[in-house]
Amino acid sequence: MAANARLKSLFLVPAALICSTLALVAVFNILTGGHDRLAWGGVLIANAVLPGLLAWLELRRVPRTSEYLPFLLFTSGVGPSLVAWEVFAEGVADWSLLVAAAAGVALLALYVFWFSRFTRRPSDTLVVGRKLPAFDLRGTDGAVFRSVELQGSPAVLVFYRGNWCPLCVAQLRELASRHADLTALGAKVVLVSPQEPAHARRMAELLGIPFQFLVDEGNRLANDFGIGIRNGVPRGLPGGHGPDTVMPTVVVVNAGGTIVYVDQTDNYRVRPEPDMYLAILRRAGAIAR
């Protein structure tokens, strides 16, 4: 998995740049070209989907998507069909445009079926019915937080990749929107990431909710739990983030410290909804009573 992660870290930014460049070239040729405009339109459709999706995730801050994005795959696939028509039926376009359109579809398919997936092995430590292992981490203020502080209250622990991941940011915002519900259940919320304290502080300020933000220095806790991933951060992202990260993971423990729910998604775009945490917490509370 390490070699696979290294390859993935080199994929996203170049793929987005290639698709964006081909889409811009297509726009230029549509505006200035002649008889092959339909073919260039196909190139545009095929290559605009991936950068469009990434921009949408960044701007809209959605916490999850469907697993396979079938509509986007279909839309992108329309592009080569248009180009093929112009090449084979009309004879007004050349093979290079078909290659350019196919490249957009191929890069989108790689993103959906390869890049988005972790092919993770379920943690041997985070298992429903077992006690949450003891740990201590520093908070954004530098003070040490010990897991024993969770004793006596149910808790939700969210391991998130960092501020650079728009779905992680959206997931935490969504969780923050349910702060009143979580408080009513007496639940503590602990948010853990391997990013630098300054980044975690910015996230805490963004949410403005008294959740416990912890910094997993060197990704040690994530590695102990079997949810760390080396070279998991895409190369070329701004912000000075380190190369290693964590696979998004949600753990719910009851007041006795027993794990009652674990979500170990194998796709970074697929995350559980807060209603699921709340239902588990209510059930755990009922059992405790």
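Derivation of every value follows stated rules applied to the coordinates shown; laboratory data play no part. Being a predicted model, the structure only gives us computed values, none of them experimental. Neighbour counts are summed over all protein chains in view; Cβ atoms, including those assigned to glycine, are modelled from backbone coordinates with ideal geometry.
A few remarks follow.
- Built amide H within the under 5 Å cut-off of THR249, gap 5+: PHE159
- Cys residues of the chain counted as unpaired, since no other Cys beta-carbon is under 4.7 Å: CYS19
- Among ARG120, ARG202, ARG161: highest mean-square fluctuation, GNM of the chain, C-alpha pairs under 10 Å: ARG202
- DSSP bridge orientation in the chain - percent antiparallel, rounded to nearest 5: 65
- Spacing of the modelled spin labels on ARG230 and LEU185, each 7 Å from Cα toward Cβ, amounts to 3.7 nm.
- Between ALA134 and ARG146, the simple label model (points 7 Å from Cα in the Cβ direction) yields a spacing of 0.7 nm.
- Helix 95-110 axis, angle to the chain major axis (alpha carbon atoms, nearest 10°): 10
- Mean Cβ count within 10 Å, highest first, over the residues of peptides 149-158, 178-187, 41-50: 41-50, 149-158, 178-187
- Close amide-amide hydrogen proximity is noted between PHE135 and SER147, VAL148, each under 5 Å apart and 5 or more residues distant or on a separate chain (H modeled in the peptide plane; Pro and chain starts excluded).
- Sequence ranges 10-17, 225-232, ranked by mean other-Cβ count within 10 angstrom, highest first: 225-232, 10-17
- Modelled label positions at LEU206 and ARG282, each set 7 Å beyond Cα in the direction of Cβ, lie 3.0 nm from each other.
- Relative to one another, the C-alpha centroids of segment 135-156 and segment 107-122 are positioned 33 Å apart.
- Couplings 3J(HN,Hα) for segment 177-189, derived from phi with the Karplus relation 6.51 cos²θ - 1.76 cosθ + 1.60 (θ = phi - 60°), are 5, 9, 4, 4, 5, 5, 5, 4, 8, x, 8, 8, 10 Hz, where x marks Gly and Pro.
- Around the Cα centre of the chain, unit charges on the Cβ atoms of Lys, Arg, Asp and Glu (plus for the first two, minus for the last two) sum to a dipole of about 780 debye.
- On the beta carbon distance between GLU67 and HIS35, with R0 = 41 Å, the FRET formula returns roughly 0.50.
- Helix axis angle, 274-288 relative to the chain longest principal axis, alpha carbon, degrees: 20
- Peptide packing: for 93-102, 131-140, 20-29, the average count of neighbouring Cβ atoms within 10 Å per residue gives the ranking 93-102, 20-29, 131-140, highest mean first.
- Each 10 Å bin from zero holds the following percent of Cα-Cα pairs in segment 12-164: 10, 28, 22, 16, 11, 9, 4, 0.
- Degrees between helix 12-32 axis and first principal axis of the chain (Cα, 0 to 90, nearest 10): 30
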